[in-house]
Amino acid sequence: MKEKGQIFIITAPSGTGKTTIIKNILKKDMGGVGYSVSHTTRKPREGEVNGLHYYFIDREDFEKMIEAHEFVEWAVVYDQLYGTSVSSISRGLSSGKDLLMDVDIQGSQEIKRQFPESLSIFILPPSLDILKKRLQKRSTNDKMNTGLRLKKAVEEIQRCHDYDFIIVNDDLQQAVKEIEAIIVAQRANKNRRFPLIQKIFHI
Ligand code: ADP
Ligand code: 5GP
């Protein structure tokens, strides 16, 4: 008998380190943590792999998917389209796994609306100065809009109180540890565990 999987929505201002944190969590043997791979029209950054980090598609194909209702949610972020497909969620959850989702604030609101039992985690940088340095350090082809990303970060940070958990990514390993602790604790949440206990003990 298996418990139902749990969605963990992870949101952070661009450059905070959310991809790095998620990568570290997925590397650990946590007994079933999956990742919802989004679709995007943005170009891959160095080292990004199609189907692993994102499904990189062109705007025309993205628009076809919108028309075919293949997205649970989608949003325009920095002039590019990003979306969570129905299949990325159903595939992840049907196997009883915990599912990490990396989405922006718009996406997190929509996922919470459609999956009210999901938990949301907001990751903050230690300061705006450090965020700026991290954005500049990341070797990307979107260096051009560092200023835009910083401006957006200030707005996004104001919304961190809407989330169930707030993590500060100062020391990477500490941030990873805190998110792991949330995932593990949530497995013992009575709403999640009780249906299984009922079946075993006939209560
Ligand atoms: P995001 O996915 O939130 O946009 P990334 O994971 O790409 O951010 O991280 C942005 C940059 O910051 C990368 O160069 C990454 O190596 C670096 N970084 C991430 N976390 C930390 C940390 N705790 N301390 C120092 N540098 C970090
Ligand atoms: P990046 O280009 O840095 O990978 O991502 C830019 C922003 O898009 C981040 O805030 C990230 O969380 C968000 N994002 C990535 N995938 C999705 C998605 O499927 N839906 C939504 N709404 N946002 C996404």
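The values are calculated or read from the model by the stated rules, or taken from the named source; none is laboratory data. Since we're looking at a predicted model, the values are computed, not measured. Backbone-built Cβ (ideal geometry, glycine too); neighbour counts: all protein chains shown.
When G5, G31, G15 are checked against the criterion of being within 16 Å of ligand 1 (Cβ to nearest atom), assigned to a loop (DSSP other than H, G, I, E, B) and either surrounded by fewer than 17 Cβ atoms within 10 Å (Cβ to Cβ) or modelled with pLDDT under 95 (or both), a single residue qualifies: G15. Before we move on, is K177 surrounded by fewer than 13 Cβ atoms within 10 Å (Cβ to Cβ), free of Cβ contacts under 8 Å to residues at least 60 places away in the same chain and more than 13 Å from ligand 2 (Cβ to nearest atom)? Answer is no for this residue.
Total residues in the range 1-33 satisfying the condition of being away from ligand 2 (no atom under 16 Å from the Cβ) and farther than 29 Å from F194 by Cβ: the figure is 2. When the residues of the range 18-28 are narrowed to those that are among the charged types (D, E, K, R) and touching a residue at least 60 places away in the same chain (Cβ under 8 Å), which ends up farthest from ligand 1 (Cβ to nearest atom)? Once the filter is applied, the top-ranked residue is K28. Each residue in the range 34-53 was checked for being assigned to a loop (DSSP other than H, G, I, E, B) and free of Cβ contacts under 8 Å to residues at least 60 places away in the same chain, and 9 of them qualify.
Scanning the range 74-95 for residues that are more than 17 Å from K112 (Cβ to Cβ) and more than 10 Å from ligand 2 (Cβ to nearest atom) yields D79, S87, S90, R91, S94, S95.
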